[in-house]
Amino acid sequence: MKTPLVNFRRMSVPTPWWVVLTLAVPLLLFRLCRLVVRNRRLLPEVAAVVVLVWAWAEYGWAPLLLGASLAAGLVGLWLWRWPESCRRWLVLPMLSRWRRLWAYWRQWDEAMTLCGLVKTYDGGRKVPTLLSVRCTYATDEVRLRMPRGQNPEIYHKAGSNLAYSFGSRHCRVFSGRRTSPPIRDGRWAWLLRLVDRVRFRDRPRHVWLVFIRRDPLTQVVSPLPVQARPDFTALPLGLREDLEVYTLRLLATHLLIAGATRMGKGSVIWSLVRSLATAITSGLVRVWALDPKGGMELSIGRPLFARYCDDDWPAMADLLDRAVAKMRERQARLRGKVRVHTPTVDDPLIVIVIDEIAALVAYLPDSELRGRINASLALLLSQGAGLGVLVVAAVQDPRKEVLSLRDLFPTRIALGLTDRAQVDLVLGDGARDRGALADQIPLTSKGVGYVLLDGQPEPARVRFSYISDDLIRDMAATFPAPAEPQSVTVHTYRPSPRPASGPLLPSKLRAALESTQDGEAA
């Protein structure tokens, strides 16, 4: 007697092979049909397999091979002549469907269960629903629907486990929609807006998981092209993880750049100056630069700056006083007319760049001079954003006892930091739990940091472009700042005279004694 090929687990006796086929094939077909019905997104793949099997059975393998060769040739021609459209309409959608089926759907239930994201209710299991997968050049954007009783914070905490479960090292969790509705115009714009209102409506139970297939930020980012007409609401400074250009909104805000020494604060500053280069040389933007480190960072680009100080502490305080006086003058002129200043050549945008702000507000030994600088910066940070007097400052230690004005900077960038607690100090409470691992950035990744994008509470990882010394000199020669008239008069600091030695006397008595001594001498 031959040994049976299959031994069913629930049967206690060996089963012949013909019984196995008779029972197993209908069961497999039934389960396949039920699977397709439950997962309607698999219908194209199932239909393609059925058509291929029917064509092979009807005509053989030769027509299939000929059709596959013809399709491959057409795709190759499309990719050669129009690569961007081919990747957008064919390569990336096909990759998205394949990744959805093979990398995520195949092991979705197991991964969600082991990561602790499956809920139980009334004897059943509530698994997060996989809705869609969208692939870019470097990331997989997975959209899911949470079961009732969950919130996005659970997925933030499980981000590392999810990343390694699906074969990635990083997983960013976003609780809001990744894209905004497009701007519609034309004859059918009203209809498209109605469609967009449905497509882009708020869905609180939807969560976006962004898996990093490959890290594009390991390579140094080349300098971005200089814009002919800079847009102050979208200045290109570097690249994001999804290979999109990171743009900074500079208008009506102040910027704080926090990072340990040699972690790329200069890359952020010079990338910003490069994005403003044409506006600087046209006079639309005036950059006032302060380098308390003796000019080691900013002096190489001196022609780009309308005003510049690096080793004269009183001159730095005077420059900040001039900025306050300019702000007061604009307040008196624009009061009751506009709420936000519009830069013009006659009334330019003033950007005050401070390389190490802690040297001015915390480490300066002269207490009177330090008090003047703190008072000027407090006025500029609290009132200057809407008046076109902006502050861009870099700091190594963002603690409150070092930088008491930290909370007055609306826009912040966290580069490599030395302590995990500093991440929340820079980007806000809970930023590290939402994925801003700035304390884990290695020294080899200079210029990599985390930023907050408009409308999204989750931080985004960015690498700023590297501007070499030779390129800075070339920028300074190509885009020099026009001469600025010295028209604003301010208080000039004078050191307080040292008190005379001897006992302290009332002023009237001291004057009487001095007059008596002068009379005796005469």
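The values are calculated or read from the model by the stated rules, or taken from the named source; none is laboratory data. From a predicted model like this one, the values you see are computed outputs, not experimental measurements. Because the Cβ atoms are built from the backbone with ideal geometry, glycine has one as well, and the counts that use them run over all protein chains shown. The area values use the complete protein model at the heavy-atom level, side chains included, leaving out ligands, DNA and RNA. Shrake-Rupley method; radii C 1.70, N 1.55, O 1.52, S 1.80 Å.
Here are the numbers:
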{"read-out": "Residues of the range 208-220 that turn out to be open to solvent by 80 Å² or more (accessible area, probe 1.4 Å) and part of a helix (DSSP H, G or I), as a count", "value": "1"}
{"read-out": "Residue check for V488: modelled with pLDDT under 85 and among the hydrophobic types (A, V, I, L, M, F, W, C)", "value": "yes"}
{"read-out": "Verdict on R412 being modelled with pLDDT under 90 and of a type in the set (K, R)", "value": "no"}
{"read-out": "Any chance P303 is in a helix (DSSP H, G or I), over 19 Å from V391 (Cβ atoms) and in contact with a Pro (Cβ under 6 Å, 6 or more places away or on another chain)", "value": "yes"}
{"read-out": "Top-ranked residue of the range 191-207 - restricted to ones that are part of a helix (DSSP H, G or I) and either among the aliphatic types (A, V, I, L, M) or open to solvent by 70 Å² or more (accessible area, probe 1.4 Å) (or both), ranked as nearest to L144 (Cα to Cα)", "value": "R199"}
{"read-out": "Test: residue in the range 233-242 that is out of contact with any His (no Cβ under 9 Å at 6 or more places or on another chain), at negative phi, open to solvent by 80 Å² or more (accessible area, probe 1.4 Å) and not in a strand (DSSP E or B)", "value": "no"}
{"read-out": "Tabulated pairs, the range 300-318, first farther than 25 Å from D347 by Cβ, second part of a loop (DSSP other than H, G, I, E, B) and among the hydroxyl-bearing types (S, T, Y), C-beta under 9 angstrom, 6+ apart or interchain", "value": "W313/Y493; P314/T492; P314/Y493"}
{"read-out": "Residue selected from the range 358-385 under the condition open to solvent by 20 Å² or more (accessible area, probe 1.4 Å) and assigned to a loop (DSSP other than H, G, I, E, B), by the criterion farthest from P292 (Cα to Cα)", "value": "A385"}
{"read-out": "Candidate set from the range 125-161 (those that are touching a helix residue (DSSP H, G or I) at 6+ places or on another chain (Cβ under 7 Å) and not β-branched (V, I, T)); member that is farthest from W98 (Cα to Cα)", "value": "P128"}
{"read-out": "Number of the condition not met by L224 [criteria: (1) at pLDDT below 90; (2) under 20 Å from the mean Cα position of the chain (by Cα)]", "value": "(1)"}
{"read-out": "Criterion: within 18 Å of V389 (Cα to Cα) and of a type in the set (S, T, N, Q) - qualifying residue of T247, T233, T278", "value": "T233"}
{"read-out": "Single residue of the range 418-449 satisfying the filter (among the polar types (S, T, N, Q) and buried (at least 16 other Cβ atoms within 10 Å of the Cβ)) that is nearest to K157 (Cα to Cα)", "value": "Q422"}
{"read-out": "Test: residue in the range 364-372 that is acidic (D, E) and within 24 Å of the chain's Cα centre (by Cα)", "value": "no"}
{"read-out": "Only one of G67, G123 that is open to solvent by 50 Å² or more (accessible area, probe 1.4 Å), at pLDDT below 90 and among the small types (G, A, S)", "value": "G123"}
{"read-out": "Subset of the range 128-138 [surrounded by 16 or more Cβ atoms within 10 Å (Cβ to Cβ) and modelled with pLDDT of 90 or more]", "value": "P128, L130, V133, R134, C135"}
{"read-out": "Matching residues in the range 129-144 - criterion: being closer than 30 Å to L217 by Cα and assigned to a strand (DSSP E or B)", "value": "L130, L131, S132, V133, R134, C135, T139, D140, E141, V142, R143, L144"}
{"read-out": "Single unsatisfied condition, E401 versus (1) part of a loop (DSSP other than H, G, I, E, B); (2) under 18 Å from F174 (Cβ atoms)", "value": "(2)"}
{"read-out": "Every residue from the range 245-296 that is among the basic types (K, R), surrounded by fewer than 24 Cβ atoms within 10 Å (Cβ to Cβ) and over 17 Å from the mean Cα position of the chain (by Cα)", "value": "R262, R286, K293"}
{"read-out": "Counted residues, the range 458-472 - those being touching a Pro at 6+ places or on another chain (Cβ under 9 Å) and open to solvent by 30 Å² or more (accessible area, probe 1.4 Å)", "value": "3"}
{"read-out": "Any chance S96 is surrounded by 10 or more Cβ atoms within 10 Å (Cβ to Cβ), over 23 Å from L130 (Cβ atoms) and hydroxyl-bearing (S, T, Y)", "value": "no"}
{"read-out": "Filtered residue count, the range 336-355, keeping only those that are of a type outside the set (A, V, I, L, M) and over 19 Å from T253 (Cα atoms)", "value": "3"}
{"read-out": "Pairs with Cβ under 6 Å, 6+ apart, first in the range 92-115 and within 16 Å of C171 (Cα to Cα), second of a type outside the set (A, V, I, L, M, F, W, C) and open to solvent by 60 Å² or more (accessible area, probe 1.4 Å)", "value": "C115/N161"}
{"read-out": "Identity of the residue in the range 196-221, more than 25 Å from A158 (Cα to Cα) and either touching a strand residue (DSSP E or B) at 6+ places or on another chain (Cβ under 7 Å) or among the aliphatic types (A, V, I, L, M) (or both), that ends up modelled with the lowest pLDDT", "value": "V198"}
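Okay, residues lined up against (1) touching an Asp or Glu at 6+ places or on another chain (Cβ under 7 Å); (2) of a type outside the set (D, E, K, R); (3) free of Cβ contacts under 8 Å to residues at least 24 places away in the same chain:
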| site | (1), (2), (3) |
| --- | --- |
| R333 | no, no, yes |
| H341 | no, yes, no |
| I352 | no, yes, no |
| P365 | no, yes, yes |
| G371 | no, yes, yes |
| A385 | no, yes, no |
| V392 | no, yes, no |
